[in-house]
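Written below as structure tokens is the structure these notes are about.
The values are calculated or read from the model by the stated rules, or taken from the named source; none is laboratory data. Everything numeric in this text was worked out from a predicted model, so none of it was measured. As a convention, Cβ positions derive from the backbone with ideal geometry for all residues, glycine included, and neighbour counts pool all protein chains shown.
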Amino acid sequence: MFFLYAPRFPAMAGLGALAYGLGLRHAFDADHISAIDDTTRYLLQKGKRPLAVGFFFSLGHSTIVLIMTVALVIATKTVRLAMPNLQSYGSVIGATVSGVFLWLIGILNLLVLLDILHIWRQMKRGTYHQERLEELLAQRGLIRRVLGGRLQNLINHS
């Protein structure tokens with residue numbers, strides 16, 4: 001199947017090869033290995049021969065992945081045919097959310113830069129106190145600064 005589509009869709013061939021490689025790596029995840037190992041040990045304790053446990057595990061897993069892929073393709077085609085305006089709205093909403101997020105990250109980085117420049121200028125003049133620097137470093141980021149003592153209370157009580 002791969003060789004049929006690779007000449008016509010080289011980008012998809014690359015994605016297919018990447019998906020295959022990631023699938024091979026996924027096969028050796030700890031939860032998969034432990035599921036097969038547990039089932040094998042269970043069957044051995046029951047006096048049965050666990051010859052095809054890995055085969056049937058991989059068959060079941062790949063069947064579910066195939067069914068989910070087919071369902072996703074059908075759902076995508078249904079949405080595309082049934083709601084053509086959803087594509088244009090979705091692209092605008094997606095770009096807007098991404099843009100707002102990037103602006104927010106940029107503004108926060110600018111605030112951090114201005115804070116660093118302010119501290120650097122004070123240190124250069126010799127008017128900055130070491131205790132204040134340690135206090136700022138102990139705040140450890142935006143969430144810690146915003147939540148302040150409430151976050152510390154949550155940490156202490158848990």
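Listing for the model above:
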item	result
Exclusive hit being of a type in the set (A, V, I, L, M) and either within 22 Å of ALA27 (Cβ to Cβ) or at pLDDT 90 or above (or both), set LEU72, LEU113	LEU72
Hey, THR96 modelled with pLDDT of 90 or more, at negative phi and of a type in the set (Ser, Thr, Tyr) or not	yes
Sole exception among (1) under 18 Å from TYR20 (Cβ atoms); (2) outside any helix (DSSP H, G or I) for PRO50, by number	(1)
Qualifying residues in the range 18-47 (those that are among the charged types (D, E, K, R) and assigned to a loop (DSSP other than H, G, I, E, B)) - the one nearest to ALA6 (Cα to Cα)	ASP29
Filter result for THR78 (β-branched (Val, Ile, Thr), modelled with pLDDT under 85 and out of contact with any helix residue (DSSP H, G or I) (no Cβ under 8 Å at 6 or more places or on another chain))	yes
Condition met for LEU110 (under 30 Å from GLU135 (Cα atoms) and surrounded by 10 or more Cβ atoms within 10 Å (Cβ to Cβ))	yes
